[in-house]
1. Suppose the filter is in contact (Cβ under 8 Å) with a residue 12 or more places away in the chain, among the basic types (Lys, Arg) and in contact with a strand residue (DSSP E or B) (Cβ under 7 Å, 6 or more places away or on another chain); does A:LYS68 pass it?
2. If a residue has to be assigned to a strand (DSSP E or B) and either at pLDDT below 95 or closer than 23 Å to A:PHE46 by Cα (or both) to count, how many in the stretch B:1-20 make the cut?
3. Among the residues of the stretch A:98-109, is any without any contact (Cβ under 8 Å) to a residue 60 or more places away in the chain and surrounded by 15 or more Cβ atoms within 10 Å (Cβ to Cβ)?
4. Please work out which one of (1) out of contact with any Phe, Trp or Tyr (no Cβ under 6 Å at 6 or more places or on another chain); (2) in contact (Cβ under 8 Å) with a residue 40 or more places away in the chain; (3) on the phi > 0 side of the Ramachandran plot is the condition A:ALA41 fails and give its number.
5. Can you give me the number of residues within the stretch B:75-109 that are more than 19 Å from B:GLY42 (Cβ to Cβ), over 11 Å from the mean Cα position of the chain (by Cα), more than 9 Å from chain A (Cβ to nearest Cβ) and not in a loop (DSSP other than H, G, I, E, B)?
6. Within the stretch B:32-74, restricting attention to residues that are of a type in the set (Ser, Thr, Tyr) and in contact with a Leu (Cβ under 7 Å, 6 or more places away or on another chain), which residue is modelled with the lowest pLDDT?
7. Checking the structure you have, find out if any residue of the stretch B:68-88 is crowded, with 17+ Cβ neighbours inside 10 Å and aromatic (Phe, Trp, Tyr).
8. Would you check which residues across the stretch B:33-49 are surrounded by 15 or more Cβ atoms within 10 Å (Cβ to Cβ) and either more than 15 Å from A:THR101 (Cα to Cα) or charged (D, E, K, R) (or both) and list them?
Amino acid sequence: DQQVKQNSPSLSVQEGRISILNCDYTNSMFDYFLWYKKYPAEGPTFLISISSIKDKNEDGRFTVFLNKSAKHLSLHIVPSQPGDSAVYFCAASSGSNYKLTFGKGTLLTVNP
Amino acid sequence: DAGVIQSPRHEVTEMGQEVTLRCKPISGHNSLFWYRQTMMRGLELLIYFNNNVPIDDSGMPEDRFSAKMPNASFSTLKIQPSEPRDSAVYFCASSAAVGSQYFGPGTRLTVL
């Protein structure tokens, strides 16, 4: 039973355009959400997070949107750059639990 | 800061052999996590420790897997005996607070 789902295994965009990565969750107890980025042969690195008390969080070119009623979050990258090409993982946790539940990831390719 | 250190980076072994993966968390982090990444199942949490105590081992696949954290700066994940289906990338991560975790570079395990 996948509690965090990333339904698009891959996404390809042109440099300079917007990249939108989507994530859905089923567990209504989740109240903290994170995005991680992973390059080949490296571990995932933290990118941006959002608490359930907010619906948007922005950090430079990266913005995460949270729609609690739809149990959906998305990561927007504007403008996309070739160096953004990586696998992006969505993750969620609940309360004071340190445990993160990850989606399977979306491979983003930004073409020059 | 050196980040999370894992060794070895690559391990090739034969079915039935014992495999030990090692992890040094970031100094000062009080939580440590072991994950396994496969194409089929994505990133799965195997076990996590808080203050060197195992808190949740529900993700450990079977008795062939065991993990220890004898002190705050070292943890091992052992597979005995190993099987071909254990082939995966194993990540260690550490955290100082609820939310973001810092991942090591991973150990790519191949069991022949």
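The values are calculated or read from the model by the stated rules, or taken from the named source; none is laboratory data. Quantities reported herein were computed from a predicted structural model and do not represent experimental measurements. Every residue, glycine as well, gets a Cβ built from its backbone with ideal geometry; the counts of neighbours run over all protein chains shown.
1. Judged against the criteria, A:LYS68 is not a match.
2. Result for the stretch B:1-20: 3.
3. Taking every residue of the stretch A:98-109 in turn, at least one turns out to be without any contact (Cβ under 8 Å) to a residue 60 or more places away in the chain and surrounded by 15 or more Cβ atoms within 10 Å (Cβ to Cβ).
4. Just one mismatch for A:ALA41, condition (2).
5. Residues in the stretch B:75-109 being more than 19 Å from B:GLY42 (Cβ to Cβ), over 11 Å from the mean Cα position of the chain (by Cα), more than 9 Å from chain A (Cβ to nearest Cβ) and not in a loop (DSSP other than H, G, I, E, B): 1 in total.
6. In this case the residue turns out to be B:TYR48.
7. There is no residue in the stretch B:68-88 that is crowded, with 17+ Cβ neighbours inside 10 Å and aromatic (Phe, Trp, Tyr).
8. Once the filter is applied, which keeps residues that are surrounded by 15 or more Cβ atoms within 10 Å (Cβ to Cβ) and either more than 15 Å from A:THR101 (Cα to Cα) or charged (D, E, K, R) (or both), the stretch B:33-49 yields B:ARG36, B:GLU44, B:PHE49.
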